[in-house]
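Read-outs throughout are calculated quantities, based only on the coordinates presented, and are distinct from any laboratory measurement. Just so it is clear, the structure is predicted and the values come from calculations on it, not from any experiment. Cβ placement follows ideal geometry from the backbone for every residue including glycine, while neighbour counts extend to all protein chains displayed.
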Protein chains: 2
Amino acid sequence: MNPIHENELIDELTRAFGRSPIQLNRRQETDAEIVFLPTGSDCLLALTTDSLAEEIATGLYDDLYLAGWMSVMINMSDLAAVGASPLGLLISEILPENLDGPSIQRLQQGIRDACEACCTHVLGGDTNSGDRLVMTGTALGVCRGRTYLSRIGCKPGDVLYTTGPLGGGNAFALRRFSHVMTPGVFPSSGMHRAEEIDPARGGNRIVRYRPQARLREGESLRGIATACMDTSDGVIATLDQLMRLNGAGFELTPGWESLLDPAARREFEAHGLPPWAALAGQHGEFELLFTVSREDRELLAEASSRAGWKALELGAVIEGNEMLIPLDGGTIAFDTAYLRNLASGCGTDIRATIGAMLAYDAKIQKGVQTDVND
Amino acid sequence: MNPIHENELIDELTRAFGRSPIQLNRRQETDAEIVFLPTGSDCLLALTTDSLAEEIATGLYDDLYLAGWMSVMINMSDLAAVGASPLGLLISEILPENLDGPSIQRLQQGIRDACEACCTHVLGGDTNSGDRLVMTGTALGVCRGRTYLSRIGCKPGDVLYTTGPLGGGNAFALRRFSHVMTPGVFPSSGMHRAEEIDPARGGNRIVRYRPQARLREGESLRGIATACMDTSDGVIATLDQLMRLNGAGFELTPGWESLLDPAARREFEAHGLPPWAALAGQHGEFELLFTVSREDRELLAEASSRAGWKALELGAVIEGNEMLIPLDGGTIAFDTAYLRNLASGCGTDIRATIGAMLAYDAKIQKGVQTDVND
């Protein structure tokens, strides 16, 4: 598989570091770090840190309530993906000097409400002043019974599931940035600007993007899921990473489009973009993608029912590092490395991203399955 | 006592938050947050997060190795101040896009070496790109035997100690910023520029500012110190905070100047600044200031000797919210709130800071003990 720029950067950054003797996971193996207490205890600790900088700087999270909310959820979602229960959260905030009292209150209210939604608390934090708002959260959790979920362990034949509908994060980004696009470049951009001004319209649910970490789901998957990862970077990036780590591939179920968030699907359709593009952007919906062996499907049904949720079947694990997606024209092998690097490389340039996706779709339609990157 | 701007900001930020039922410390009561494991364990966890943003943006930490080193040490120092042993560290880095490979290596080497100096490891982290370098560390530690050090608990009569020489952080900042001062404003600024260019000169030790978290010291103080706090914001800020939290004051021992780092003292003298100014800036030396009741002095001597270090007597806890410092002209009551707000308010404007400190010193010399802020 082609290298991923982000993975290469992480390798470069961590090359000099040794590994801790109390750490159970290897690099990239889990969404949160797993350590045991040297003093002996019947539980494992899960620890994760994530910053919001680009999403704020680019204006994607221009709503301060959302910035506060997300600074909690991105970290809680990592705890969910290892099956941990949260013990609490630390928040470090770099606050611009011109941020007024009501703005700060809105930011803090987002943090507070997200913590409440996760039944957890802010334990402490730090504040600095700076040119731009940067929010860094760190979450601590506990894995009871000394078991945790890992990204590694799925085998061909396992069933691939999602904890909820997909595409909401990318649809939100498309919507947020569509107003900066040149009018006329995409047929429907004018309509979407109008929709943005009028929150009473049907697309309203996307504007109120409020991902919820799947903590309950993750906890009930311990001992059942063979691999698990959150979709914080979008579905294709998540599946690409799982493919690399497991030396396996994925094939989506025919009719996978029905698992897209309906509002997200409308948003992509309105921009003339194919449904698969809702999976290909880098803006996540913070669901969990996980695999279960076929024998354990009954076990999953029982555990999820007990915990009050329902797993949605998205596909299956297959042999080889391939990502097969059934489309109208047949089943297509997607170049996930190309799409993943594209999403992170284009950054906020939504026109470039859309243009590249339309070009990729045109290649697909022509039945060209080679690397369009060439 | 007059309010402290930083404390007011923290109150504003945390107003909306509830407290966690598993958290033992109250707000401001400890340098790190203390939680117990709901699953039952014979140890407590200590957790702290600190970002480096202003120190990098202002150029104080323009050496990337130092930025990496400090991103670890500021957090380890908080663990030291609660008497915790480190379990590990998370690092979130906002990297400017123009940072080249060798620069990133230097940054990471600073992190690595600081971890090695603290016998700990990087467990994980996060990277984002942004306009400016921001480093956020989060440290996890364990307090064995379910005891930890708090900022609260000292009583009049207790002896005040430091784990090491003082003033190194402020001398480093004075030295770093002196080259941006207008020549001639201070008699010795020219000489200091020369010294900065020539690292073979005597002041060299200050340029190599490498604070070391006092982990061994903090751990051996559990059960002995009545209060403890690190000097991350400078000595006067630390004592001011301890005064507020304990409803008590401090009087420094005559001859306290001998506890200043000799190189730091020379730096301040060369700028025509009084020795007390080395305690008044906001740039810490990351020593621990702690108090011990008079009956437990022998216990302290034994414990510190066993751990291989020596406590330095700095003063005593007194009745009333006063900070008394013996100077040539007698014992002066310092307005710590004024000096603390001054240090954070002037920011990088070293000329303004120095000017204000010289003005304060002139008032002291005239025997004026009222608030020079009026």
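Going from the fewest other Cβ atoms within 10 Å to the most, the residues A:Thr138, A:Thr163 appear in the order A:Thr163, A:Thr138.
Between copies, B:Thr253 shows label-point distances of 7.5 nm, shortest first, with the point placed 7 angstrom from Cα along Cα to C-beta.
Over chain B, the ratio between the Cα radius of gyration and 2.2 N^0.38 Å evaluates to 0.97.
When Rg is the radius of gyration of the Cα atoms in region A:295-359 and Rh is its Kirkwood radius, what does Rg/Rh come to?
Computed over Cα atoms, the ratio is 1.15.
Nearest 20 debye, what's the magnitude of the dipole of region B:18-82 about its Cα centre given +1 on Lys and Arg Cβ and -1 on Asp and Glu Cβ? Intermediate results must be reported in sequence, preceding the final value.
Numbers: 3 positive and 10 negative charges, 81 e Å.
My answer is approximately 400 debye.
The mean count of C-beta atoms from other chains within 10 Å of the C-beta of residues in A:286-295, rounded to a whole number, is 0. Counting only the Cα atoms, region B:201-354 fills a convex hull of 129 Å³ per residue.
Sorting A:20-26, B:169-175, A:271-277 by average packing, meaning the other beta carbons within 10 Å per residue, from highest down gives B:169-175, A:271-277, A:20-26. A:Gly223 label point (Cα plus 7 Å toward Cβ) to equivalent points in the other copies: 3.9 nm, shortest first. Translational diffusion of region A:17-144, estimated by Stokes-Einstein from the Kirkwood radius over alpha carbon pairs at 37 °C in a medium of 0.692 mPa s, is 214 µm² per second. Bridging of A:Lys155 to aspartates and glutamates at a Cα separation below 14 Å is possible for A:Glu251, A:Glu295, A:Asp296, A:Glu319, A:Glu322, once same-chain residues fewer than 8 apart are set aside.
Think of chain A as having a plus end and a minus end, set by charges on the Cβ of Lys, Arg, Asp and Glu; of A:Leu95, A:Val142, A:Met76, A:Val142 sits farthest toward the positive end of this dipole. Given R0 = 35 Å, the distance between the Cβ atoms of A:Arg294 and B:Asp42 translates into a calculated FRET efficiency of 0.25.
Position B:Thr147: other-copy label points at 4.0 nm, ordered by increasing distance, label point 7 Å along Cα→C-beta. Computed over the alpha carbons of region B:80-153, Rg followed by Dmax gives 15.4, 49 Å. Taking a point 7 Å out from the Cα of B:Glu116 in the direction of its Cβ, the residues of region A:1-29 whose backbone N falls within less than 18 Å of it are A:13-21. In a reduced charge model with +1 at each Lys and Arg Cβ and -1 at each Asp and Glu Cβ, region B:218-258 shows a dipole moment near 180 debye about its Cα centre.
Applying 1/(1 + (r/R0)^6) with R0 = 30 Å to the Cβ-Cβ distance of A:Lys155 and A:Gln365 gives a FRET efficiency near 0.35. With N the number of residues in the protein assembly as shown, Rg(Cα) / (2.2 N^0.38 Å) evaluates to 1.03. A Cβ-based charge dipole, computed about the Cα centre of chain B with Lys and Arg at +1 and Asp and Glu at -1, lands at about 500 debye. In straight-distance terms, cross-link reach from A:Lys363 covers every one of the aspartates and glutamates whose alpha-carbon lies under 13 Å from its own, apart from those fewer than eight places away in the same chain; here that gives A:Asp335, A:Asp371, A:Asp374.
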